[in-house]
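Heads up, the thing below is written out as structure tokens.
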Amino acid sequence: MISIKAIPAFQDNYIWCITRDNKHAFVVDPGDAEAVTQHLVKHQMSLAGILITHHHADHTGGITELLNTHGLDIPVYGPLSRHIPQITQPVSEGELFIKNINSTAEVLSIPGHTLDHIAYLIEGHLFCGDTLFSGGCGRIFEGTPEQMTDSLSKITKLSPETMVYCAHEYTQSNMEFAVHVDPENKELAEYFNWVKQQRNQNQITLPSTIKQELKINPFLRCDNPLIQQTICREYPLNKLENKTQYFAQLRKWKDNF
Ligand SMILES: [Zn+2]
């Protein structure tokens, strides 16, 4: 079985560290090389590889320094993207065998936040970068709302038990928005209480699961009539045509919340 630990970086990023033997580690989206190196030294592990979800600097900024420190031959997996020249193993949607953790990952193409965004599903653990957050989703910087909703549906069609490893600790602020949009949702209110307790003790709120997100994440619940009514009341609008339009309006609302 693989084990996964969060390496906190910057203000609210998590760099996920994956290992099977507690000796060789893969890291996902190492924006900060120093945080990774400290973690590896502390746990006496060597860096076996790097997985990248998309090109933003807080996910890729540490690659070069990590290669210089730990070995220039360390494989760097990621999307084929002109923004990430350090990628040595370009991947696209489909199966990917990762030698050093002896595991097969499923790569999902999930454009929306950026056009090059991918996710890795490894033995029931989903590393989804900045596409899905607990209680929220990424901003749409490069894609369209259609692309983002397609990408989120691709994720939510995975097994409900899939563990979701988001790249940021945004859960509490996402909850503040979510309870505003979905005030009748009891499971959301309960989750918000738990999230507040965790954050008051400076504890992580991740990983989440697909099952949990489908219950509490308003961006995955745009077909809910109560959420649709709240969106229409906010703007005000009579009615929108489809789920994607509600999603786009909700994303716009959150961007300005
Ligand atoms: Zn990003």
Q: Please give the helix 171-181 orientation as an angle from the longest Cα principal axis of the chain, in degrees from 0 to 90, rounded to the nearest 10.
A: 20
Q.
Could you work out the pair-distance distribution P(r) of the stretch 144-239 from its alpha-carbon pairs, with 10 angstrom bin width and percents rounded to whole numbers?
A. 14, 43, 34, 8, 0
Q: Tabulate in residue order the Karplus-calculated ³J(HN,Hα) for the stretch 36-42, using 6.51 cos²θ - 1.76 cosθ + 1.60 with θ = phi - 60°, rounded to whole Hz; enter x for Gly and Pro.
A: 5, 4, 4, 4, 5, 5, 4
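Could you estimate the translational diffusion coefficient of the stretch 109-156 from the Stokes-Einstein equation, with Rh from the Kirkwood formula over C-alpha pairs, at 20 °C and 1.002 mPa s, in whole µm²/s?
On the way: Rh = 10.5 Å.
Diffusion coefficient, whole number: 204 µm²/s.
Divide by every residue of the chain the summed helix terms, -39500 (n - 2.57) for each DSSP H run of at least 4, and state the resulting mean residue ellipticity at 222 nm, rounded to the nearest 500 deg cm²/dmol. Present the calculation step by step, with values, prior to reporting the outcome.
Numbers: 9 runs with 90 residues, N = 257.
Computed ellipticity for the chain at 222 nm equals -10500 deg cm²/dmol.
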Q | Cα-based reach from Lys211 at 22 Å (exclusive), listing lysines while leaving out same-chain residues under 8 positions away | A | Lys5, Lys154, Lys157, Lys186, Lys196, Lys243
Q) For helix 145-156, what angle does its Cα long axis make with the longest principal axis of the chain, in degrees from 0 to 90 and rounded to 10? A) 70
**Q.** Rounded tilt (10° steps) of 225-234 against the dominant C-alpha axis of the chain
**A.** 80
Q.
Stokes-Einstein diffusion coefficient for the stretch 3-165 at 20 °C in a medium of 1.002 mPa s, Rh from the Kirkwood formula over Cα pairs: what value in µm²/s?
A. 137
Q. Rg/Rh for the stretch 1-69: what does it come to with C-alpha atoms and Rh from Kirkwood?
A. 0.93
Q: Search the structure for amide H atoms under 5 Å from the amide H of Leu132, placed 1.01 Å from N in the peptide plane, and list their residues when 5 or more places away or on another chain.
A: Gly138
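In the chain, what percentage of the DSSP-assigned beta bridges are antiparallel, given to the nearest 5?
Here the antiparallel bridges make up roughly 70 percent for the chain.
Which value does Rg/Rh take for the stretch 77-134 over its C-alpha atoms, Rh per Kirkwood?
0.96
Quick note: the coordinates plus some simple rules give every number you see, no bench work behind them. Because the structure is a prediction, the values reported are computed rather than measured.
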